[in-house]
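Here the structure is laid out as structure tokens; the discussion comes afterwards.
The values are calculated or read from the model by the stated rules, or taken from the named source; none is laboratory data. Everything quoted here is computed from the prediction, not taken from an experiment. Every residue, glycine among them, receives a Cβ derived from its backbone with ideal geometry; neighbour counts consider all protein chains shown. Surface accessibility is based on the protein's heavy atoms, side chains included, excluding ligands, DNA and RNA. Shrake-Rupley method; radii C 1.70, N 1.55, O 1.52, S 1.80 Å.
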Amino acid sequence: MVRSYQKSSDAFARATDVIPGGVNSPARAFGAVGGTPVFVDHAEGAYIFDLDGNRYIDYIGSWGPMILGHAHPKVLKAVQEAAVKGTSFGAPTEAETEIAKRIIAAVPSIEKVRFVNSGTEATMSAIRLARGYTGRDKIIKFAGNYHGHADSLLVAAGSSAATLSVPNSPGVTRGATGDTIILPYNDPAEIRSIFSRQGPEISAVILEPVVGNMGCVIPENEFLQVLREETTKAGTVLIYDEVMTGFRVAFGGAQSLQGITPDLTTLGKIVGGGLPAAAYGGRAEIMDHILPAGDVFQAGTLSGNPLATAAGNAILGDLANPAVYERLEMLGSQLQDGLDRAAGKIPHSVARVGSMMTLFFSPEPVTNWAKAEQCNTHQFARYFHGMLQRGIYLPCSQYEAMFISHAHTTEDIEATISAAEEVFADWD
Ligand SMILES: *Cc1c(COP(=O)(O)O)cnc(C)c1O
């Protein structure tokens with residue numbers, strides 16, 4: 001039953017000659033688990049197929065966007081119809097107004113929305129807007145939260161080393177991160193304390209309202225309440241980074257589950273239906289500070305391009321049906337129970353919100369980065385490769401969430417649980 005990865009392995013060697021590390025985004029390399037990445041030939045529904053002809057049940061879903069499954073017929077049709085009319089104009093189209101209206105209808109805190117091309121651009125632009133709007137410099141982010149790779153946000157950004165305001169990456173200057181304050185996630189006392197000392201200097205707080213980028217970590221209610229209270233009192237802009245959670249944990253995002261109204265929200269991943277698109281939006285009074293309505297600069301040659309807006313309109317149209325999220329919840333709870341049972345006595349905890357979840361090799365629930373760091377990543381690597389051999393494609397790091405799509409069936413979930421039972425059976 002041993003699967004061959006020979007063609008992937010050859011392809012990876014060729015890629016490594018011409019692309020740094022052989023990949024165009026580091027999460028795709030198997031750095032954290034060892035081995036060489038699987039090269040994809042094609043994908044359909046819940047499955048991906050590699051160059052060697054192996055089929056996998058896919059729980060990455062392009063790291064989030066594929067909530068309806070791969071190559072969804074409606075999305076393909078929308079993109080094909082848009083493409084024949086031209087792939088980019090650099091001039092406005094009505095499809096942009098249409099998708100803006102869909103987003104505003106889904107996420108009530110958003111009154112106006114601007115389209116960009118990646119989640120990185122969305123968070124970077126939202127931070128600039130918050131600073132321009134408040135006339136303040138400082139921002140707060142949380143250790144283990146990832147907001148893309150803009151310099152000021154590339155501190156304590158998930159799986160890399162998390163030290164106080166020390167940049168994660170060479171090339172990020174101390175100047176670029178000097179106004180970034182790092183706090184632990186889920187710690188309301190720390191928030192109260194920093195706001196009592198520095199509240200009037202803080203332009204924005206940005207957070208993942210359910211974390212995906214240190215694995216799935218669930219926020220505590222008091223943490224969320226205190227954040228909203230303190231930012232309101234201080235006139236600080238509260239930014240919900242829902243690039244991952246938007247249209248994933250619920251149609252209206254994490255904020256709709258939590259009953260919190262942020263000032264700005266960033267979206268990405270699902271909103272582009274698998275094409276490069278992202279967005280940021282919020283209160284009209286703040287959003288109208290963006291050029292050309294206001295004077296905060298932000299632009300993009302391909303922003304709101306017709307292919308991405310067509311895909312986004314198609315996917316959001318289908319997601320407006322609550323039955324989609326009911327099914328995702330049903331599949332999610334089936335998988336959570338099954339993995340929990342399969343892992344048995346191995347120290348572990350499973351965190352899940354809807355169709356987003358992580359099996360942590362940690363005896364305690366993971367609530368912040370310090371706890372996440374205590375996970376047994378060697379056990380994760382062993383689990384990952386055992387599952388891959390059995391045709392289950394999981395995120396290749398303990399610190400990434402897995403995603404279920406609407407295309408997964410209860411049989412797929414059962415097959416996944418059986419694979420996990422086999423993997424854990426000979427584990428001592
Ligand atoms: C993926 C992600 C980003 C970055 O989006 P890109 O499109 O990869 O630039 C930002 N924030 C969160 C929460 C994300 O999950």
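A few points about this structure:
- Portion, in percent, of the accessible area of the stretch 218-303 that falls on carbon or sulfur, probe 1.4 Å: 58
- Taking the stretch 44-58 and a reference point 7 angstrom along Cα→Cβ of ARG14, the backbone N atoms nearer than 15 Å belong to 51-53.
- Inter-label distance, ASP337 to GLU98: 4.1 nm, where each label sits 7 Å from its Cα along the C-beta direction.
- Distant-in-sequence amide contacts of GLY215, defined by a placed amide H-H separation under 5 Å and a gap of 5 or more residues or a different chain, comprise GLU400, ALA401.
- Spatial separation of Cα centroids for the stretch 119-151 and the stretch 355-420, in angstrom: 29
- Simple spin-label estimate for THR261 and ALA370 in nanometres, 7 Å along Cα-Cβ: 3.5
- For the stretch 184-213, the residues whose backbone nitrogen is under 13 Å from a point 7 Å from the Cα of LYS233, taken along Cα to Cβ, are 189-200.
- Hz values of 3J(HN,Hα) by residue in the stretch 181-187 - Karplus curve (6.51, -1.76, 1.60), Gly and Pro given as x: 9, 9, 10, x, 5, 6, 10
- Under the Karplus curve 6.51 cos²θ - 1.76 cosθ + 1.60, θ = phi - 60°, whole-Hz ³J(HN,Hα) for the stretch 249-257, x wherever Gly or Pro sits: 7, 6, 4, x, x, 4, 4, 6, 6
- For the stretch 73-319, share of DSSP beta bridges that run antiparallel, in % to the nearest 5: 40
- P(r) tail fraction, the chain - alpha-carbon pairs more than 34 Å apart, %: 30
- Net charge contributed by nearby residues that have their C-beta within less than 11 Å of GLY199 (K/R +1, D/E -1): +3
- Backbone N within the stretch 113-142 under 17 Å of label point (7 Å from THR301 Cα along the Cβ vector): 116-118, 121
- Taking amide hydrogens as placed 1.01 Å from N in the peptide plane, the amide H of VAL40 sits under 5 Å from that of no residue at least 5 positions away in sequence or on another chain.
- Segments 403-413, 257-267, 221-231 sorted - mean Cβ within 10 Å per residue, highest first: 257-267, 403-413, 221-231
- Whole-Hz ³J(HN,Hα) from phi, Karplus 6.51 cos²θ - 1.76 cosθ + 1.60, for the stretch 291-305, glycine and proline x: 4, x, 5, x, 10, 7, 6, 6, 8, x, 4, 9, 4, x, 5
- Calculated [θ] (222 nm, deg cm²/dmol) that DSSP helices of n ≥ 4 give over the chain, each run adding -39,500 (n - 2.57): -11500 deg cm²/dmol
- Rg/Rh, computed from the Cα trace of the stretch 73-319 with Rh as the Kirkwood radius, has the value 0.97.
- Using a probe of 1.4 Å, the accessible surface attributed to GLU208 totals some 10 Å² when neighbouring protein chains are kept in position.
- A cut-off of 5 Å between modelled amide H atoms, ignoring neighbours fewer than 5 places along the same chain, links ILE181 with ILE139, ILE140, LYS141.
- Compared with the alpha-carbon gap, the fully stretched path from MET330 to ALA415 is longer by 29.0 nm at 0.36 nm per residue.
- A 1.4 Å probe run over the chain, with the rest of the protein chains in place, finds 41 Å² accessible per residue.
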